[in-house]
Amino acid sequence: MAYTPHQQDLLRRLPKMDDLLERLPAEVPHPLKVLVCREAIEAARARIQASPEPDPAVADAAAILEAARRRLARRLRSSLRPVVNATGVVIHTNLGRSLLAPEVLPGLEAVAARYSNLEYNLESGRRGSRYSHVEEILLELTGAEAALVVNNNAAAVLITLETLAKGREVIVSRGELVEIGGSFRIPDVMARSGAILREVGATNRTHLRDYEGAIGEATALLLKVHQSNFQVVGFTASVPVADLKVLANRHGLPVVEDLGSGTLVDFAPYGLVHEPTVQESLAAGADLVTFSGDKLLGGPQAGIILGRRDLVDRIRANPLNRALRIDKLTLAALEGTLRLYRDPAEAARRLPTLRMLTAPAAGLKTRARRLARRLRALELPGLEVRVVETVARVGGGALPLQVLPSAAAALVPAEAGISIARLEAALRRHDPPVVARIEDDRLLFDVRTLLPGDEARIAEALAAAVAGGRPSP
Ligand SMILES: *Cc1c(COP(=O)(O)O)cnc(C)c1O
């Protein structure tokens, strides 16, 4: 393809790799410097080639060096890094769900950097079980007979069905065929496990007789699934675990409940909707329950399976368990988290997820006022700072109808030409990034999900965003 004389001139003027390389820091590994310089030069070349009359500034050596420096800075920074969650969504799946309590971290660090008794029985000097480190405390806290932990709750449901129902039928209410965040759908997971879905009832109402009518030779188990992310309201009926258990017993079948979030504490005393606890489900007769480690439990990503010893033993022996097994860092974090539950009031104070969920609205209002004062002090041009009442969310599919009265500092445009969307994007791109929520053309910083130090981080990010957003003279 032929280039115009102007294009050819600019292509000739592109800087040489070596001129750029010597201007980048000596301590940066050479191959990385070569990579970013090549990328910067190639990007400039592509822009010159794309237009017959390119802007001469595209070939400017200083500008290309600056582009190489930006690329280098981005690659040297960790890709996975902390952000400020000002969304008010406590169990925010995209922002990492639950935060570990500080009390849990030393145990995590110790086994990460040193050898451990992960699968070594120190009493007998023989091979031990990695599950033993959390099994005892899980039984202590829940009264279950046996426990197994896997990579996440999706894995827990998959391996449970694969072990107990492959090639056979699993009876589920039509009102419980849930989808969680697109990639987890009960019917799809069931198909992957080899179990055959036997839907019963209607979307809004399922009765005991529906389950009864579906039980036959091929039935492997009755499955109950928590209605995560939604609730059916109005003319509804579902069958409690205790009633399913009576029916299942008559046919010698197990009842399995996927609790989804799975909580060990009752939230009702904190003024929240009552979410059935793990202990309640087991006491009602569930032969197995499965739930997540990083939703309402407030621990690391994990899937917890509790219940009858014979069933848990069969799942543990499934070769699939090797593929879904939990890693030692997760085990350390899970053990530390569970230990805090020995005193449930302590758990509510120490575990960030529980502390954020149970924070009283009055205290949040005070914090929002304090944040607003701090932001007003920045004297942001064209923006007014207000304190507003908000509705925060539990997230993670737990307590879908729960409204959490909360408070936020809000930025409201006070002049024409102020773009809240542009401000929101600039805060996301700051380091550390601040993720805020836009509502009615206001930018909200909900204080319910803020951690100590986050107020200062928001103020700093805003000051930088406003300075960077000013039109250059
Ligand atoms: C969240 C959820 C899952 C998936 O749990 P992960 O830990 O995210 O794998 C499964 N079932 C229900 C009902 C859930 O709410």
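The values are calculated or read from the model by the stated rules, or taken from the named source; none is laboratory data. Not measured: the values here are computed from a predicted model. A quick note on method: Cβ atoms are made from the backbone with ideal geometry, for glycine too, and the neighbour counts reach across all protein chains shown. Ligands, DNA and RNA are stripped out before the accessible areas are found, and what is left, the full protein with its side chains, is counted by its heavy atoms. Shrake-Rupley method; radii C 1.70, N 1.55, O 1.52, S 1.80 Å.
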Task: Selection status of N151, on the phi > 0 side of the Ramachandran plot and within 14 Å of the ligand (Cβ to nearest atom) - done: no
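I'd like the residue in region 210-225 that is in contact (Cβ under 8 Å) with a residue 40 or more places away in the chain and farther than 15 Å from G285 by Cβ and, out of all such residues, is surrounded by the fewest Cβ atoms within 10 Å (Cβ to Cβ).
Initially, region 210-225 is screened for residues in contact (Cβ under 8 Å) with a residue 40 or more places away in the chain, giving 211, 214-216, 218-225.
Checking which are farther than 15 Å from G285 by Cβ leaves us with 214-216, 218-220, 225.
On the way: A214: 17, I215: 18, G216: 10, A218: 13, T219: 20, A220: 21, V225: 20.
That would be G216.
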Open item on the list: Can you report the number of residues in region 344-357 which are open to solvent by less than 30 Å² (accessible area, probe 1.4 Å) and either of a type in the set (K, R) or within 17 Å of D266 (Cβ to Cβ) (or both)?
Closed with: 6
TODO: Please list, ordered by first then second residue, the pairs with beta carbon atoms under 6 Å, 6 or more apart or interchain, first in region 314-328 and in the same structural domain as N152 (by TED's automatic domain parsing), second at pLDDT 95 or above and among the charged types (D, E, K, R).
DONE: L320/E162
TODO: Give the residue that is least open to solvent (accessible area, probe 1.4 Å), with candidates limited to residues of region 316-332 that are away from the ligand (no atom under 16 Å from the Cβ) and closer than 14 Å to A156 by Cβ.
DONE: N318
- [ ] Output the residue which, of all residues in region 55-70 that are among the aliphatic types (A, V, I, L, M) and closer than 14 Å to D9 by Cβ, is surrounded by the fewest Cβ atoms within 10 Å (Cβ to Cβ).
- [x] A57
TODO: Among the residues of region 81-105, write down those that are in contact (Cβ under 8 Å) with a residue 40 or more places away in the chain and either more than 24 Å from E455 (Cβ to Cβ) or among the polar types (S, T, N, Q) (or both).
DONE: N85, T87, T93, S98, V104
Open item on the list: Regarding region 367-382, can at least one residue be identified that is under 30 Å from V265 (Cβ atoms) and open to solvent by less than 50 Å² (accessible area, probe 1.4 Å)?
Closed with: yes
TODO: Those residues that are within 24 Å of the chain's Cα centre (by Cα) and either surrounded by 22 or more Cβ atoms within 10 Å (Cβ to Cβ) or assigned to a strand (DSSP E or B) (or both), I need them from region 153-175; list them, please.
DONE: N153, A155, A156, V157, L158, I159, T160
- [ ] Test E109 against the stated conditions and say whether it is open to solvent by 60 Å² or more (accessible area, probe 1.4 Å), closer than 30 Å to S228 by Cβ and among the acidic types (D, E).
- [x] no
- [ ] For G298, indicate whether it is within 22 Å of E119 (Cα to Cα), within 16 Å of the ligand (Cβ to nearest atom) and not β-branched (V, I, T).
- [x] no
Task: Qualifying positions in region 1-59 - of a type in the set (A, V, I, L, M) and not in a helix (DSSP H, G or I) - done: M1, A2, L14, L24, A26, V28
Open item on the list: Could you go through region 239-256 and let me know if any residue there is crowded, with 17+ Cβ neighbours inside 10 Å, modelled with pLDDT under 95 and over 30 Å from L329 (Cβ atoms).
Closed with: yes
Open item on the list: Are there strands (runs of 3 or more DSSP E) fully within region 186-292 with at least 2 residues that are over 21 Å from Q402 (Cα atoms) and within 16 Å of the ligand (Cβ to nearest atom)? List them.
Closed with: 219-225, 255-260, 288-292
